[in-house]
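The values are calculated or read from the model by the stated rules, or taken from the named source; none is laboratory data. This structure is a prediction, so every number in the text was calculated from the model and none was measured. Cβ placement follows ideal geometry from the backbone for every residue including glycine, while neighbour counts extend to all protein chains displayed.
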Amino acid sequence: MSENEDDIILSELDDEELVQQMMDDLYDGLKEEIEEGVNILLERGWEPYRVLTEPLVGGMTIVGHDFRDGILFVPEVLLAAGAMKGGMAILKPLLVETGAPKQGKMVIGTVKGDIHDIGKNLVAMMMEGAGFEIVDLGINNPVEEYLDAIRREEADILGMSALLTTTMPYMKVVIDTMKEQGIRDDYIVLVGGAPLNEEFGRAIGADAYCRDAAVAVETAKTFIARKHNQGVAS
Ligand code: B1M
């Protein structure tokens with residue numbers, strides 16, 4: 001690394017300054033700096049989930065605002081997304097290895113026409129950490145992909161993600177097709193993504209809308225427990 005007076009030594013910053021610097025680095029798409037910052041916070045005893053939410057998700061929220069306002073463009077946002085993924089890759093094993101008891105199986109994917117996957121990956125990661133087995137279908141999934149996977153995998157839960165107002169209606173296509181095939185009630189259907197809300201979740205016939213990854217975990221656990229109780233009762 002070149003030595004000049006402007007170089008910032010991340011390890012010399014206090015926690016608050018470091019989080020602020022990491023948000024700036026995420027904005028600038030600096031993957032190595034983000035990875036270094038994540039490691040420093042972990043060494044300082046931060047919980048992995050806090051590292052994920054404060055500098056990373058917090059930083060991405062700022063990126064989102066400037067993307068919306070035409071200050072940032074796709075290439076810059078892609079770099080920011082790459083930096084975010086670098087940080088997430090370090091956190092993943094820590095979030096996943098909790099030794100939580102097995103809960104159930106979820107098939108998850110981003111809907112057709114939509115290539116946003118950071119939030120979906122985060123949900124998958126947190127669910128895995130909470131003891132769910134995850135089958136990740138990736139991005140741009142047509143209805144057939146979802147339905148093949150839930151049958152093949154004998155999943156308990158179908159999770160769908162959409163980040164665009166133009167792609168979120170596709171979730172209804174999937175749920176309606178499940179109804180047509182008479183399999184809707186065989187699965188717990190959870191949906192999420194920034195433009196959705198509870199009302200939308202209800203309107204399309206999902207079991208629940210999940211605001212974030214932590215809510216997805218709690219909601220999934222509640223529905224799985226209910227399913228098991230029903231199984232015992234019947
Ligand atoms: Co896009 N993009 N983007 N983008 N992008 C948004 C979504 C946008 C809101 C930006 C903006 O204008 N402010 C806007 C949508 C506007 C709208 O629809 N009204 C937008 C647009 C317009 C576009 C393009 C059309 C831009 C263009 O090409 N002109 C294009 C579309 C491409 C396509 O999909 N066909 C596009 C492209 C891209 C990139 C490729 C550059 C990149 C994606 C990279 C990637 O994902 N690998 C990108 C990014 C990064 C964003 C923003 C900035 C950040 C999204 C993100 O990762 N957030 C985003 C702005 C924003 O959302 N603030 C934006 C962080 C993530 C942790 O949060 O995804 O919300 P989120 O996930 C949360 C919850 O929503 C929830 O839990 C997660 C974790 O807490 N959740 C679930 C999500 N999925 C769930 C599933 C569940 C449960 C919970 O299942 C059970």
All positions within the stretch 146-205 that are under 16 Å from the mean Cα position of the chain (by Cα), over 22 Å from K105 (Cα atoms) and among the aliphatic types (A, V, I, L, M): L163, L164, M168, A194, L196
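Kindly provide the set of residues from the stretch 7-52 that are part of a helix (DSSP H, G or I) and among the β-branched types (V, I, T), ordered by number. Outline the logic, then answer.
Taking the stretch 7-52 and keeping what is part of a helix (DSSP H, G or I), we get 10-12, 15-27, 31-43, 48-52.
Across the stretch 7-52, the qualifying residues are V19, I34, V38, I40, V51.
Each row is one residue, and each column tells you yes or no for (1) closer than 20 Å to H116 by Cα; (2) not charged (D, E, K, R).
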residue: V191; (1), (2): yes, yes
residue: L196; (1), (2): yes, yes
residue: E199; (1), (2): no, no
residue: C210; (1), (2): yes, yes
residue: A214; (1), (2): yes, yes
residue: K221; (1), (2): no, no
residue: I224; (1), (2): no, yes
Selection status of G70, at pLDDT 95 or above, surrounded by fewer than 15 Cβ atoms within 10 Å (Cβ to Cβ) and within 15 Å of the ligand (Cβ to nearest atom): yes
Filter pass, A214 being hydrophobic (A, V, I, L, M, F, W, C) and not in a loop (DSSP other than H, G, I, E, B): yes
Qualifying residue in the stretch 13-33 (condition: modelled with pLDDT of 95 or more, within 23 Å of the chain's Cα centre (by Cα), of a type in the set (A, V, I, L, M, F, W, C) and within 16 Å of L94 (Cβ to Cβ)): no
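Restricted to the stretch 209-234, and to residues that are closer than 13 Å to V123 by Cβ and among the aliphatic types (A, V, I, L, M), which residue is farthest from the chain's Cα centre (by Cα)? Steps first, please.
Narrowing the stretch 209-234 to residues closer than 13 Å to V123 by Cβ: 209-220.
Right, trim to among the aliphatic types (A, V, I, L, M) and you get 213-217, 220.
On the way: A213: 6, A214: 9, V215: 11, A216: 9, V217: 11, A220: 14 Å.
Step by step, filter the stretch 209-234, then rank; the result is A220.
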Which listed residue, of T166, T98, T110, is modelled with pLDDT under 95 and of a type in the set (S, T, Y): T98
